[in-house]
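Report on one structure; see the data block that follows.
Taken together, the values in this text are just the output of simple stated rules run on the coordinates, not laboratory data. None of these values were measured; they are calculated from a predicted model. FYI the Cβ positions are ideal-geometry reconstructions off the backbone, even for glycines, and counts take in every protein chain you see.
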Amino acid sequence: MHELFLDIGLILILTTLIGLLCRALGQSLILAYIGAGILMGPTGQEILKWLNGWFHGTIPNIQIINNVQLINTLSIFGVILLLFMVGLEMNIK
């Protein structure tokens, strides 16, 4: 259970940092959310492996998310809520 809170905390911290970077560059927050998802998911792990080979093993091989299946399920609910919020804001007229 503590791993879940750690995973969610890491997701929120990384998303906030990328959001601040995107805001400073004048980009949308959706871009920050997508970027954080890419960095913390399997693609980010592959990027770390590639960088580790490029820098001759000096970058530690860490796994950012511990419980991948639970985070995947929560991310699906997040997308559903995001689409619901977009539907609420949409003006049909």
Exercise. Under a point spin-label approximation (7 Å from Cα along Cα-to-Cβ), what is the residue 69-residue 21 distance to one decimal in nm?
Worked result: 3.2
Problem set entry | Residue-wise HN-Hα coupling along the stretch 39-50, computed from phi with Karplus coefficients 6.51, -1.76, 1.60 (Hz; x: Gly, Pro) | 5, 8, x, x, 5, x, 5, 5, 5, 4, 5, 5
Exercise. For the chain, what is the mean residue ellipticity at 222 nm derived from helices alone (per DSSP H run of n ≥ 4: -39500 (n - 2.57); sum divided by total residues; nearest 500 deg cm²/dmol)?
Worked result: -25500 deg cm²/dmol
Exercise. How large is ³J(HN,Hα), in whole Hz, for each residue of the stretch 85-93 in order, when computed from phi with the Karplus curve 6.51 cos²θ - 1.76 cosθ + 1.60 and θ = phi - 60°, using x for Gly and Pro?
Worked result: 5, 5, x, 5, 7, 6, 9, 6, 5
For this session: Could you state the angle between the C-alpha long axis of helix 2-24 and the longest principal axis of the C-alpha atoms of the chain, as a value from 0 to 90 degrees rounded to the nearest 10?
Result: 70
Exercise. For q = 0.19, 0.23, 0.24 Å⁻¹, what log10 I(q)/I(0) does the chain give under the Debye formula with an equal point scatterer on each alpha carbon and no solvent?
Worked result: -1.03, -1.24, -1.27
Exercise. With contacts defined as alpha carbon pairs under 8 Å and 6 or more residues apart, what's the relative contact order of the stretch 4-93 in percent?
Worked result: 26
Exercise. With each pseudo-label sitting 7 Å past Cα toward Cβ, what's the residue 6-residue 30 distance in nm, one decimal?
Worked result: 3.4
Exercise. Say R0 is 30 Å: what FRET efficiency, to the nearest 0.05, do residue 80 and residue 54 get from their beta-carbon distance?
Worked result: 0.20
Seminar exercise, completed: Scalar couplings 3J(HN,Hα) for the stretch 67-80 by Karplus 6.51 cos²θ - 1.76 cosθ + 1.60 (θ = phi - 60°), nearest whole Hz, x for Gly and Pro, are 9, 5, 5, 5, 5, 4, 5, 5, 5, 5, 5, x, 5, 4
